[in-house]
């Protein structure tokens, strides 16, 4: 095999690869004979027909495609290694010459990982905002817990009021025609929840048990169903029942009933401490993100377009997988959003570019600073991860190796270590007054 390399642009190379006729002919011979092994050819035992006979029965185009695949991909990867080329997108392949009795010559155009010109990445001023939990926040959490532990009581003679749960039958009409999806029975609707069309819940206030009424609404202009968006509609509604929450008094007894604490003050203190811990974790993550953003903004990196498109492909695949867990297809999701594949790709474009540039900048900093992880550190992280998943470290490591992900795992640890370096060397690390 021989290879010539030409740099086509800053991050793209063209490789012309030649594979000798002997190897090409041998590949054709093997592929044809393998195809003939499963054939019943008249006059010959199964799999025993000579090559020139088998050639009469096989799909010549399929044979050619199989040979090309078997020869080209190993040759491409060997050429990459020999020339220290790291592809970041699917290669573009162009056949120059391909016959059974001739050299195979083909060209591969491939984009490579771009260079990163680092800017200032230490000594940047990034302020860490303080954590403060107010009495109002604690009161709001107590109110949520009151509602969560409230008792629902049926209302026999009263009217629907705000916060009640109205049990309703309903059917929606456009003019005199019922519309699809506009009907329900014994639906429990919390008044004031905003879960129905704007204006619907408010018109139930004052209605009595057993009452039938007509409610007129207008669907929002941005409603997910194009048939209903912006349309006037009328709902026929019957009140089948009313439930009302009985909210417990905020006192020591309430604290005893819903927690391990003896007094309301102790419960308040516990709520405040837990809210502060959660807020601090959120603030630390935001602080880390601000430092990374500041470092990345000061770097220059020209992303190859193929690399960006590959990342968008990955983001779409992740979305499709997450939707499948909910029993939703990507096509259904796009229909709900009144979108299409092109618009979805455009929406992911900025996320893809930001993510790629961030990864490349962090990788460049780790190399410049000589940040690495030892085998012992990798083993220690595998042990921790194995405990989380209830597996042995040996099982987890074997799984990572089998999937070819051990190097990615190590790269992730180096990235985390580099981010720790950035946090220690940027910002003031001190809480500042708002």
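Annotations for the structure displayed:
- Test: residue in the stretch 379-388 that is under 14 Å from residue 416 (Cα atoms) and either free of Cβ contacts under 8 Å to residues at least 60 places away in the same chain or out of contact with any helix residue (DSSP H, G or I) (no Cβ under 9 Å at 6 or more places or on another chain) (or both): yes
Results for (1) under 17 Å from the mean Cα position of the chain (by Cα); (2) surrounded by fewer than 17 Cβ atoms within 10 Å (Cβ to Cβ); (3) not assigned by TED's automatic domain parsing to the domain that holds residue 227, shown as yes or no for each residue.
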{"site": "304", "(1), (2), (3)": "no, no, yes"}
{"site": "322", "(1), (2), (3)": "yes, yes, yes"}
{"site": "328", "(1), (2), (3)": "yes, yes, yes"}
{"site": "342", "(1), (2), (3)": "no, yes, yes"}
{"site": "357", "(1), (2), (3)": "no, no, yes"}
{"site": "367", "(1), (2), (3)": "no, yes, yes"}
{"site": "380", "(1), (2), (3)": "no, yes, yes"}
{"site": "387", "(1), (2), (3)": "no, yes, yes"}
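- Residue within the stretch 132-144 that is in contact (Cβ under 8 Å) with a residue 24 or more places away in the chain, assigned to a strand (DSSP E or B) and outside the structural domain of residue 294 (by TED's automatic domain parsing) present: no
- Boolean, residue 78 is closer than 30 Å to residue 369 by Cα and either surrounded by fewer than 12 Cβ atoms within 10 Å (Cβ to Cβ) or outside the structural domain of residue 352 (by TED's automatic domain parsing) (or both): no
The values are calculated or read from the model by the stated rules, or taken from the named source; none is laboratory data. Computed from a prediction, not measured in an experiment: that's the story for all the values here. All Cβ positions, even for glycine, are placed from backbone atoms using ideal geometry, and neighbour counts span all protein chains on display.
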